[in-house]
1. Within the range 32-46, is even one residue aromatic (Phe, Trp, Tyr), in a helix (DSSP H, G or I), at pLDDT below 95 and buried (at least 16 other Cβ atoms within 10 Å of the Cβ)?
2. If you scan the range 75-97, which residues turn out to be surrounded by fewer than 16 Cβ atoms within 10 Å (Cβ to Cβ) and not hydroxyl-bearing (Ser, Thr, Tyr)?
3. Take the residues in the range 15-31 that are more than 15 Å from the chain's Cα centre (by Cα) and not polar (S, T, N, Q); name whichever of them is modelled with the highest pLDDT.
4. Could you check, for the range 54-63, whether at least one of its residues is assigned to a helix (DSSP H, G or I) and closer than 15 Å to residue 36 by Cβ?
5. Quick one: what pairs do we get from the range 130-158, first residue in a loop (DSSP other than H, G, I, E, B), second charged (D, E, K, R), C-beta under 8 Å, 6+ apart or different chains?
6. Can you pull out the residues in the range 91-129 that are in a loop (DSSP other than H, G, I, E, B) and under 21 Å from residue 50 (Cα atoms)?
7. Condition check: assigned to a loop (DSSP other than H, G, I, E, B) and under 18 Å from residue 33 (Cα atoms). Does residue 80 satisfy that?
8. Can you tell me which residues in the range 47-83 are modelled with pLDDT of 95 or more and hydroxyl-bearing (Ser, Thr, Tyr)?
Amino acid sequence: MKSILFKTIILLNILFVFSCKAQTSNDYITFYNDTISKLNTIIPNKTQFYGQPFSNFYNELQSKNINIIGVVHDTKVSPSTKYYVVDLFLCDMNMLGVASQNSYHDPRISITFQDEIPQQIESMVKQYHAQWNPTIAQFLSNLKIEKIKFIGVRGYDSDDYSAK
C-alpha cells in the first residue's frame, strides 16, 4: 500500500512539473506573439528613424507598449574599443530561460549609431547590471541612429534567425 501511495505522489509531482513547464512555454509563446505583433507595426517603417535621435525611436517603442528590459553595448567592427551598437532585449531572464530551454528565438533590437557612444556606456551597463532604465534611455537619447535591425522576429521556433 505504501508503495502505491509513494508512486502516486511521484507521478503527481512529475505531472505537475511537466504541466508547469508547458504553462511556462505557453506563456513565452503568448509573450512572443504579442511582442512581435507590436514590432510588426514598426519594422516596415524603421528607416524613418535613420538619422533621427534615439529618443524618437524610443518614444515610438513606448507608444506601442514595447518594453525594453535589458541592454548591452558592442563595437561596430572588431577588434575595437569604440562602441556604436546597443542591443535592446525585450524579455526578462525568466522568459530568456524558457526560450533557451526550448530553443526558441528571443526578440531583440540592435541599433547602430552614426557616432561613437560615449565610453560611459560601459560603466552604466555594469552599474545597472544591463537592465534598461530611464538613465540609460536619457544617455542615448540624442545619439543619431544609423541602422536598426530586428532580430529573432521571424517566429519563436523558426529556422530563420536573420534580422529584419
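1. Quick first cut of the range 32-46, residues aromatic (Phe, Trp, Tyr) only: 32.
From the residues that got through so far, the ones that are in a helix (DSSP H, G or I) too are 32.
If we keep only those that are at pLDDT below 95 as well, we get 32.
With buried (at least 16 other Cβ atoms within 10 Å of the Cβ) added as a condition, the list becomes 32.
The answer is yes, given that some residue of the range 32-46 is aromatic (Phe, Trp, Tyr), in a helix (DSSP H, G or I), at pLDDT below 95 and buried (at least 16 other Cβ atoms within 10 Å of the Cβ).
2. 76, 77, 79, 82, 92, 93, 94, 97 - these are the residues of the range 75-97 that are surrounded by fewer than 16 Cβ atoms within 10 Å (Cβ to Cβ) and not hydroxyl-bearing (Ser, Thr, Tyr).
3. Checked the range 15-31; the qualifying residue modelled with the highest pLDDT is 27.
4. yes
5. 143/115; 152/106; 152/108; 153/164; 154/160; 154/164
6. 107, 118
7. Values: assigned to a loop (DSSP other than H, G, I, E, B): yes; under 18 Å from residue 33 (Cα atoms): no.
Considered against the rule, which asks whether it is assigned to a loop (DSSP other than H, G, I, E, B) and under 18 Å from residue 33 (Cα atoms), residue 80 comes out as no.
8. Scanning the range 47-83 gives 47, 50, 55, 58, 63.
The values are calculated or read from the model by the stated rules, or taken from the named source; none is laboratory data. The structure presented is a predicted model; accordingly, all values stated were derived computationally and were not measured. No Cβ is skipped: glycine too gets one built from the backbone with ideal geometry, and neighbour counts run over all protein chains shown.
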